[in-house]
Amino acid sequence: MKIIVTGGAGFIGSAVARYIVKHTLDEVLVIDKLTYAGNLESLDDVWTNERFLFKQIDICDKQALDDVIVNYSPDIIMHLAAESHVDRSIDNPSSFIETNIIGTYALLESSLNYWRKLDQTRQSTFRFHHISTDEVYGDLHGTTELFTEKTPYSPSSPYSASKASSDHLVRSWHRTFGLPTIITNCSNNYGPYHFPEKLIPLMILNSLEGKPLPVYGNGQQIRDWLYVEDHARALYLVANQAKIGENYNIGGHNERKNIDVVNLICDLLEELVPNKPNGVINYKDLICFVTDRPGHDQRYAIDASKIYHDLGWKPQETFESGMRKTVEWYLKNSDWCNHIKDGSYARSRQGILKK
Ligand code: NAD
């Protein structure tokens, strides 16, 4: 099979590309604009594989999308390209509206034009898989409820509102035009190749440099954490086996308070890196509480029973095993981190068209 993965130079997209190359016989074409969050070094493991291709494309560029989709002739499109950082969506929402809404619209239109021209057999097996977030459901503060696939949308941030819009567009392209779509809504991911602006890598890297560990508000916000490779495996399964028109919640059964996540990182570092930076006695001493994010949702929690019952998927990592792997990965991959810090990862974008 031939699979297009949009946003495949990002955190989850690169895990999906690695999963496809390493665990299947399928071919994969990553298309990615290479914003600040796109890093070709995250694709080093698969770059020279003959089943892997890369094209630098902005999903808002409809003509480029038309050309690449028709030329590659995919069986599946997995759509992960997005602006994904909530804080950035508060500082400057415009790129979230552009990429997450207008870009998804352009991709839906190109995919529909392509799909309509396929023969009947290929039309019946084609899938457009839209990858979304549990943040579209809003805040579960003060309840013990879980998000199910039937929970009404109630997004709080420009990020989650733009993702909610894209989900609605995808659903309507299925209902109105018949495009075979599937949507997944996943909880917070963590693991290797996570851009250092996000909570877990930020805390690991700041600790190693003896810098403060800024925790929003009182740190009591609860997220459900999923190891990224468990997510990539779920996505491949859904893209291949889910019924058209369905949506699935994906989660790790790992509800944790942010402060507990930071404490666990400190504990792992105490064990794995006992030689601390100058002046640091305990990593936990670096924790400091900073003004909370505006509109910050207090709790997200996923009911992932539908994907388990329908497709047999459940996470393989516990939070403890996944976090240990994650901290160890950041310790072993200081080059990947340093190239982001000094900006040289962006220079690896030159010459990418060699593929
Ligand atoms: P990321 O920010 O790490 O990666 C996004 C990728 O999209 C980057 O490579 C970037 O260059 C690319 N991109 C951005 N704008 C583009 C455009 N206009 N055209 C083409 N490419 C563009 O994000 P991520 O964490 O890997 O998330 C991937 C998807 O999964 C997103 O849709 C996100 O909403 C969703 N998601 C993420 C999480 C999470 O915890 N990270 C959880 C649930 C769902």
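If you fit an axis through the alpha-carbon atoms of helix 11-23 and take the longest principal axis of the Cα set of the chain, what angle between them do you get, 0 to 90°, nearest 10?
60 degrees
For the stretch 211-355, which whole-number percentage of the solvent-accessible area (1.4 Å probe, protein heavy atoms only) is attributable to carbon and sulfur atoms?
Roughly 48 percent of what the probe reaches on the stretch 211-355 is carbon or sulfur.
Rolling a 1.4 Å sphere over the protein heavy atoms, what is the accessible area per residue of the stretch 279-334, to the nearest Å²? List each step's numbers first, then the result.
Details: 2950 Å² over 56 residues.
Value returned for the stretch 279-334: 53 Å² of accessible area per residue.
Among P192, P212, P274, which one shows the highest mean-square fluctuation when the chain is modelled as a Gaussian network with alpha-carbon springs under 10 Å?
Judging by the Gaussian network model, the answer is P274.
Once the dipole of the stretch 1-134 is set up with Lys and Arg at +1 and Asp and Glu at -1 on Cβ about the Cα centre, which of T104, H85, F126 lies farthest towards its positive end?
F126
I need to check one value: relative contact order of the chain, counting alpha carbon pairs closer than 8 Å and at least 6 residues apart, in percent. Each step should come with its number before you reach the end.
Numbers: 669 pairs, mean separation 66.7, N = 355.
Relative contact order of the chain: 19 percent.
Can you compute the radius of gyration and Dmax for the stretch 86-221, using only the Cα atoms, both in Å?
18.4, 60
For the stretch 230-341, what is the convex hull (Cα atoms) projected area averaged across all directions, in square nanometres?
Here the figure is 10.2 nm², rounded to one decimal.
Sort out for me the Cα centre separation of the stretch 166-192 from the stretch 1-76, rounded to whole Å.
First find each Cα centre; the distance between them is then 18 Å.
Rounded to whole Å and ordered largest first, report the semi-axes of the equivalent ellipsoid of the stretch 298-345 derived from its Cα gyration tensor (root of 5λ).
Ellipsoid half-lengths, sorted descending, are 33, 14, 12 Å.
Where nothing but the Cβ of Lys and Arg (+1) and of Asp and Glu (-1) is charged, how large is the charge dipole of the stretch 255-355 around its Cα centre, in debye to the nearest 20?
Values: 16 positive and 15 negative charges, 129 e Å.
For the stretch 255-355, the charge dipole is close to 620 debye.
What Rg and what Dmax come out for the chain when only alpha-carbon atoms are used, in angstroms?
Spelled out, the Cα radius of gyration and Dmax of the chain are 19.9, 68 Å.
Between the stretch 302-332 and the stretch 201-218, what's the alpha-carbon centroid distance in Å?
Using only Cα atoms to place each centre, the spacing works out to 23 Å.
Where the only charges are on Cβ atoms (+1 Lys, Arg; -1 Asp, Glu), what is the dipole of the stretch 24-150 about its Cα centre, to the nearest 20 debye? Could you put the intermediate results ahead of the total?
On the way: 10 positive and 23 negative charges, 115 e Å.
The calculated dipole for the stretch 24-150 is roughly 560 debye.
To check you understand DSSP bridge types, tell me what percent of the beta bridges within the chain (both residues inside) are antiparallel, rounded to 5. Please list the in-between numbers first.
On the way: 3 of 40 bridges.
Approximately 10 percent, going by the DSSP bridge assignments.
Heavy-atom accessible area per residue, the stretch 191-251, 1.4 Å probe: how many Å²? List each step's numbers first, then the result.
On the way: 1790 Å² over 61 residues.
That works out to 29 Å² per residue.
Rank Y190, S160, T24 by how far each Cα sits towards the positive end of the charge dipole of the chain (+1 on Lys, Arg Cβ; -1 on Asp, Glu Cβ) and give me just the farthest.
Ranked along the dipole, the leading option is T24.
Give K211/K325; K243/K332; K150/K284; K117/K314; K163/K341 a once-over and call out the pairs whose C-alpha atoms are over 31 Å from each other. Walk me through the intermediate numbers first.
On the way: K211/K325 22 Å; K243/K332 40 Å; K150/K284 40 Å; K117/K314 37 Å; K163/K341 28 Å.
Those over the limit are K243/K332; K150/K284; K117/K314.
By its C-alpha gyration tensor, with a ≥ b ≥ c as the square roots of the eigenvalues, how is the stretch 1-157 shaped: rounded for a/c under 1.5, else prolate for a/b larger than b/c, else oblate? Could you put the intermediate results ahead of the total?
Details: a/c = 1.61, a/b = 1.44, b/c = 1.11.
In terms of gyration-tensor shape, prolate.
What percent do you get for the relative contact order of the stretch 55-206 when only Cα pairs under 8 Å and 6+ apart count?
Values: 189 pairs, mean separation 40.6, N = 152.
That works out to 27 percent.
In deg cm²/dmol and to the nearest 500, what is the mean residue ellipticity at 222 nm of the chain if only DSSP H runs of at least 4 residues count, each as -39500 (n - 2.57), divided by the residue total? Numbers along the way, then the final one.
Details: 13 runs with 141 residues, N = 355.
Computed ellipticity for the chain at 222 nm equals -12000 deg cm²/dmol.
Helix 228-241: angle to the longest alpha-carbon principal axis of the chain, degrees 0 to 90, nearest 10?
Value to nearest ten degrees: 20.
Could you size up the charge dipole of the stretch 1-81 around its Cα centre, putting +1 on the beta carbon of Lys and Arg and -1 on that of Asp and Glu, and report it in debye to the nearest 20? Let's see the in-between values first.
Details: 7 positive and 12 negative charges, 26 e Å.
Dipole magnitude for the stretch 1-81 comes out near 120 debye.
Sort largest first and round to whole Å: the equivalent ellipsoid semi-axes of the stretch 48-114, each the square root of five times a Cα gyration tensor eigenvalue.
Numbers: eigenvalues 121, 46, 17 Å².
Those come to 25, 15, 9 Å.
Mark the label point 7 Å from the Cα of S154 along Cα→Cβ and return the residues of the stretch 293-331 whose backbone N is within less than 18 Å of it.
295-303, by backbone N distance to the label point.
Percent of accessible area on the stretch 53-159 owned by carbon and sulfur, 1.4 Å probe? Walk me through the numbers on the way to the answer.
Numbers: 2420 of 4840 Å².
The C+S portion of the solvent-accessible surface of the stretch 53-159 is 50 percent.
Report, to the nearest 10°, how far helix 158-177 tilts away from the longest principal axis of the Cα atoms in the chain, using its own Cα long axis and a range of 0 to 90°.
Helix 158-177 sits at roughly 20 degrees to that axis.
Relative contact order (percent) for the stretch 169-300, with alpha-carbon contacts under 8 angstrom and 6 or more residues of separation? Numbers along the way, then the final one.
Numbers: 182 pairs, mean separation 48.7, N = 132.
Relative contact order, the stretch 169-300: 37 percent.
The values are calculated or read from the model by the stated rules, or taken from the named source; none is laboratory data. Note that the coordinates shown come from a computational prediction; the quantities given were computed from them, not determined experimentally. All Cβ positions, glycine included, derive from the backbone under ideal geometry; neighbour counts span all protein chains shown. The accessibility values were calculated without ligands, DNA or RNA, using every heavy atom of the protein model including side chains. Shrake-Rupley method; radii C 1.70, N 1.55, O 1.52, S 1.80 Å.
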